[in-house]
1. Say a paramagnetic label sat at a point 7 Å from the Cα of residue 90, along Cα to Cβ; which residues of segment 44-61 have their backbone N under 18 Å from it?
2. By how many degrees, between 0 and 90 and to the nearest 10, does the Cα long axis of helix 52-69 differ from the longest principal axis of the chain?
3. Arrange the peptides 107-118, 49-60 so that the one whose residues have, on average, the most other Cβ atoms within 10 Å appears first.
4. Consider all pairwise Cα distances in segment 7-129 and report the whole-number % of them above 22 Å.
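What follows is calculated from the coordinates using simple rules that are stated; it is not laboratory data. If you're wondering where the values come from, they're calculated on a predicted model, not measured in any experiment. When we count neighbours, we look across all protein chains shown, and the Cβ atoms used for this are built from the backbone with ideal geometry, even at glycine.
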């Protein structure tokens, strides 16, 4: 009989997590999976309105905090997925990603997507593998 893996989850406190029934990030074994993350403060305010680069910075800080709460670091990130509302923002967002991940170099995808909420210009998800 297979043993059950330890499962832990963290929340960033946004109302979306409780309403839609998901965690900001989940750790199962040595994997940390971070949900699609927007520039939403714990008070529900949009951060960096109108500025895709500012939103990406806030999002990556939020992702880093969730990963740290589950025992990892940004250096453990092996994949990121970036969604932008306007493909014209791709370079600003990519440069912010490069500032944080330039030496880590995870696998990555950046695509244009119809994000929920007009004020959201960027959404990012991440996956990390940590030592057990």
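1. The answer is 52-53, 56.
2. The angle comes out near 10 degrees.
3. Top to bottom by mean Cβ count within 10 Å: 49-60, 107-118.
4. Roughly 28 percent, rounded to a whole number.
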